Protein chains: 2
Amino acid sequence: MRMQDIARRLGISAMTVSRALKSDSSVAPATRAAVLKAIEELGYVPNQIAGSLSSSRSGFAAILVPSLNNPHFSETVLALGSALQDRNMQLLIGNTDYDRRKEAELIRAFLARKPEAIILTSDGHDPRILPMLAKARIPVVEIWDLPARPIQHVVGFSNQRAMRGLINALIGQGYSRITYLGEADDADTRGASRRLGYCEAMAAAGLAPRLCSIGRPPATMSDGERGLDTVLAAYPDTELVACVSDPLAFGVIAACQRRGWAVPGRMAVSGFGDFEIARIAVPAITTVQIDAAGIGREAGAIISEAFSARRDASPAAIIRAVPALPCLRASTAMAR
Amino acid sequence: MRMQDIARRLGISAMTVSRALKSDSSVAPATRAAVLKAIEELGYVPNQIAGSLSSSRSGFAAILVPSLNNPHFSETVLALGSALQDRNMQLLIGNTDYDRRKEAELIRAFLARKPEAIILTSDGHDPRILPMLAKARIPVVEIWDLPARPIQHVVGFSNQRAMRGLINALIGQGYSRITYLGEADDADTRGASRRLGYCEAMAAAGLAPRLCSIGRPPATMSDGERGLDTVLAAYPDTELVACVSDPLAFGVIAACQRRGWAVPGRMAVSGFGDFEIARIAVPAITTVQIDAAGIGREAGAIISEAFSARRDASPAAIIRAVPALPCLRASTAMAR
DNA sequence: AACCCGTATGTTATCGATAACATCGTAGGC
DNA sequence: GCCTACGATGTTATCGATAACATACGGGTT
């Protein structure tokens, strides 16, 4: 069924049907009502593929996240989705699985569908995506970090500074034998930034860095047991395990509890991200608070701005920082 | 940039470029190589919108999940995605947020883009989607339950039977004052099925059902504290809280631990779904094991079959059950 | 040598909505 | 009463790839 069919049925032209479906165009109220009624009755669904081809507006933006199974990304996605809905745009989600190659493939696949904006996590990209994105001439927003060489717009926070702030706070509490447990990251990833922040904080306090890794990202709860083994093998005198993320921290805490070790009495543990589990777990987990939904909202706002200012030939890159603050909880409470 | 531009540059026709990009069509190897080289050099990305319009193959399937923030759905999505990749199809994800109206809107929006298949969670749908889906004439797969009146294909398990099996097992362990803590579901949802299974098992054992609710889905860890309050207010003598899902169970356990109550000593708790947290938490959580990735794989297989058998005028609905077995763990261990 | 067939390629029409332009009628201003 | 302007609608061309059909060429078969 096409617009023609609706139009013929009402004795009008397809163009009028098309206009009746766009709220901003001038159609007599009676005509519009008749069109909408006919569409409803016939169960007609416009072919957006044809519409997109003709109007060269695809009506969607694409977001690529490294993992769907991450409450933060889903919050960001949700917030971004509803921000875009206000502009009548759909959000398509792609899952890169922390894999640059997969990310590049997804970008190519998405670009073929002509998205009107694209949102990436700033996690180190395949260099080949840069010319592709440049050619697409659409707003690109990197989220969840402040990359050294942004592609275009950015909404995030410095993972490095955030982790440095957390470690500083923990050193301030009196901890010194702090071991970092993270992922085997390539350079330029958010995990690598956090590790760097840890190293800086330790160095600033005159402490030697103590680094351990659980393998390739993402770090999950299930890595806690092996992570704790690794930490203890390398640094048996560890008094605090600073984890790259909350789920890993929870896993480490569970591993301690399985050994009958009190947390934080025998071993303190910190995370990153303020996932739901960090608040609910017993003990509650010391972490870095991030406004994941805020990142999504801001990204949506930037895209909106970019659309409004499209006439402008040289769109200035917008770099917007969101807060990321240490949040000390029971899992690192010092005995009095 | 269009195929024309590539073609002109090589002194060939656009059609040959098009063919060179489809692996199955006959093009001289030298020509194909030249085309691919030119495309690479120019960074040309084919316009799939035009391609879809002309070939009436959109090259994607749509999946609607109630929540992204759920490890199970992301596993299913992942598995389905890679199953479809083998057929050179992309998977677009929509988030219904446990909202029928939102689901219906998303379906309409997706159908406008002409997906080649659509996958839904069987959670009770807006009745208006049925004619829409029927008109689309594409494979529809409902996953994660065995609905009484399937739309078309189904891959799932009986949430009702699974919960009944778990409660039976717990009754077999010696529990009798089992209180169910779930969501305020509409009929036909998976949560409602589980509640029904609980009631059946209790009735079969001659026990009165003890039902509590935390409000509208999804139940999260954060609902544990209030959930426990609700349970204790209604049934103070409860010895086991049977939760609608693992995250809620974890929240209830944490709430118990905050009160200094031993789990399972003072209060036993069970979940549903075998989320990662159920294995890692201390104590490990009794639950129902489900092969989430298997559901995705099976759904992919069904879609593949449906495509192959498309010539067949009356595609028989495929109903495929996956296992869902009780898994008893420390959180409901009886004292000896 | 005539014929056939298959491979490689070109040409034309088409998918369905919409942009851009054209047209018609009428209300309101002078 | 005439002209203008705008509101409502129609007509035509277009977006870019591809299906369907057409063509050209070369090698093998008889």
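The values are calculated or read from the model by the stated rules, or taken from the named source; none is laboratory data. All values reported here derive from a predicted model rather than from experimental measurement. Positions of Cβ are backbone-derived with ideal geometry, glycine not excepted, and every protein chain shown enters the neighbour counts. Please note that ligands, DNA and RNA were not included when accessible areas were found on the heavy atoms of the full protein model with its side chains. Shrake-Rupley method; radii C 1.70, N 1.55, O 1.52, S 1.80 Å.
Quick notes on this one:
- Residue in segment A:87-105 that is surrounded by the fewest Cβ atoms within 10 Å (Cβ to Cβ), counting only those that are closer than 25 Å to B:ASP97 by Cα and in contact with a Leu (Cβ under 9 Å, 6 or more places away or on another chain): A:ASP97
Okay, residues lined up against (1) out of contact with any Cys (no Cβ under 9 Å at 6 or more places or on another chain); (2) away from every other protein chain (no Cβ under 14 Å); (3) within 13 Å of DNA strand C (Cβ to nearest atom):
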{"residue": "B:MET15", "(1), (2), (3)": "yes, yes, yes"}
{"residue": "B:ASP24", "(1), (2), (3)": "yes, yes, yes"}
{"residue": "B:VAL27", "(1), (2), (3)": "yes, yes, yes"}
{"residue": "B:ALA34", "(1), (2), (3)": "yes, yes, yes"}
{"residue": "B:TYR44", "(1), (2), (3)": "yes, no, no"}
{"residue": "B:ASN47", "(1), (2), (3)": "yes, no, yes"}
{"residue": "B:SER52", "(1), (2), (3)": "yes, no, yes"}
{"residue": "B:ALA62", "(1), (2), (3)": "yes, no, no"}
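- Taking segment A:268-291 as the range and being at pLDDT 95 or above, away from every other protein chain (no Cβ under 14 Å) and surrounded by fewer than 24 Cβ atoms within 10 Å (Cβ to Cβ) as the test, only A:GLN289 passes.
- Residues of segment B:13-52 that turn out to be within 38 Å of the chain's Cα centre (by Cα) and either in the same structural domain as B:ASP123 (by TED's automatic domain parsing) or open to solvent by less than 70 Å² (accessible area, probe 1.4 Å) (or both), as a count: 14
- Sole exception among (1) closer than 17 Å to A:PHE73 by Cα; (2) of a type in the set (Gly, Ala, Ser); (3) modelled with pLDDT of 95 or more for A:SER122, by number: (3)
- Long-range neighbours under 6 Å by Cβ, at least six apart or interchain, first residue of a type outside the set (S, T, N, Q) within segment B:7-30, second open to solvent by 60 Å² or more (accessible area, probe 1.4 Å): B:ALA14/B:GLN4; B:VAL27/B:ARG19
- Among (1) more than 10 Å from DNA strand D (Cβ to nearest atom); (2) surrounded by fewer than 17 Cβ atoms within 10 Å (Cβ to Cβ) - the single one B:GLN4 does not satisfy: (1)
- Filter pass, B:LYS114 being at pLDDT 95 or above, open to solvent by 20 Å² or more (accessible area, probe 1.4 Å) and of a type in the set (Lys, Arg): yes
- Of residues in segment A:229-253 being of a type in the set (Gly, Ala, Ser) and within 12 Å of another protein chain (Cβ to nearest Cβ), the one surrounded by the fewest Cβ atoms within 10 Å (Cβ to Cβ): A:GLY251
- Among the residues examined, B:ALA330 does not qualify as farther than 25 Å from B:CYS212 by Cα and in contact (Cβ under 8 Å) with a residue 60 or more places away in the chain.
- Search result, residues across segment A:12-34 that are within 12 Å of DNA strand D (Cβ to nearest atom) and closer than 29 Å to A:PRO115 by Cβ: A:ALA14, A:MET15, A:VAL17, A:SER18, A:ARG19, A:ALA20, A:LYS22, A:ASP24, A:SER25
- Here B:ASN69 passes the criteria (1) open to solvent by 20 Å² or more (accessible area, probe 1.4 Å); (2) within 12 Å of DNA strand C (Cβ to nearest atom); (3) not β-branched (Val, Ile, Thr) except the one numbered (2).
- Taken together, the residues in segment A:202-228 that are open to solvent by 50 Å² or more (accessible area, probe 1.4 Å), assigned to a helix (DSSP H, G or I) and in contact (Cβ under 8 Å) with a residue 12 or more places away in the chain amount to 4.
- Being open to solvent by 10 Å² or more (accessible area, probe 1.4 Å) and touching a Leu at 6+ places or on another chain (Cβ under 8 Å) is a property that A:GLN257 lacks.
- Entry remark, segment A:320-336: residues being more than 26 Å from A:LEU146 (Cβ to Cβ) and in a loop (DSSP other than H, G, I, E, B) number 4 in total.
- All positions within segment A:163-191 that are open to solvent by less than 50 Å² (accessible area, probe 1.4 Å), touching a residue at least 60 places away in the same chain (Cβ under 8 Å) and within 16 Å of the chain's Cα centre (by Cα): A:THR189, A:ARG190
Conditions tested, residue by residue: (1) closer than 30 Å to B:GLU41 by Cβ; (2) within 14 Å of another protein chain (Cβ to nearest Cβ); (3) in contact with a strand residue (DSSP E or B) (Cβ under 6 Å, 6 or more places away or on another chain).
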| position | (1), (2), (3) |
| --- | --- |
| A:LYS135 | yes, yes, no |
| A:GLU142 | yes, no, yes |
| A:PRO147 | yes, no, no |
| A:ILE151 | yes, no, yes |
| A:LEU166 | no, no, yes |
| A:GLY174 | no, no, no |
| A:ASP188 | yes, no, no |
| A:SER193 | no, no, no |
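- The sole residue among B:LEU78, B:LEU84, B:LEU10 that is open to solvent by 50 Å² or more (accessible area, probe 1.4 Å) and either more than 9 Å from chain A (Cβ to nearest Cβ) or within 13 Å of DNA strand C (Cβ to nearest atom) (or both) is B:LEU10.
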